[in-house]
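Here's the structure we're looking at; comments come further down.
Since every read-out is calculated from the coordinates, none of them should be taken as a lab result. A quick note: this is a predicted structure, and the numbers were derived from the prediction, not measured. Cβ: placed from backbone, ideal geometry, glycine included. Neighbour counts: every protein chain shown.
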Amino acid sequence: MLPIVAIVGRPNVGKSTLFNRLVGKKLALVDDQPGVTRDRREGEANLLDLHFRIVDTAGYEDEDPQSLPGRMRRQTEAAVRDADVALFMIDARAGLTPLDEDIARWLRESDTPVILVGNKAEGKAAEDGLLEAWSLGLDEPLALSAEHGQGLAELYQALMPHI
Ligand code: GDP
Ligand code: MG
């Protein structure tokens, strides 16, 4: 069985963009509007010589942001539980939001290893967000640009011990 990597994070941080890049097919919808990924999608991913299953989650894309944890959020939590490693993605340009902090809180308590990924990290606009990400109490944020394919060597190195 292939190792499993779950991508989690609030809407619009670039989870589906990374999923598409690693799977190499447009299996996940990418959209400027949050909430496009309606449920979890899975595919087989390659990153250099690493071969794994990848899960693109949408658990925090509840239509009502005020709603209590619902079915989709529970799906995300299940995806993380079942994964060998979770990629927790934040938007390094936008900076942290309460939802990022909320997700980080339960990921810190999860038994699944977590790699913190600061996406949209191309250019200087991401520097403050990457610095701020240290406050999440996870490990060093990994700077990535899913759209431009930057940071994939660092992602490879971070994933390798878990795969
Ligand atoms: P998801 O909701 O987390 O799955 O996010 P998506 O993958 O749908 O992406 C949301 C938006 O962010 C889209 O407009 C993407 O084109 C954009 N995006 C994704 N990755 C990057 C990146 O590395 N840099 C920048 N600047 N934009 C990105
Ligand atoms: Mg998505």
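Applying a 10 Å radius around every beta-carbon, put 119-126, 47-54, 147-154 in order of their mean neighbour count, most first.
Most protected by this proxy first, the peptides run 119-126, 47-54, 147-154.
Per-residue counts of other Cβ atoms within 10 Å, averaged by peptide: what ranking do you get for 10-18, 94-102, 75-83, highest first?
10-18, 75-83, 94-102
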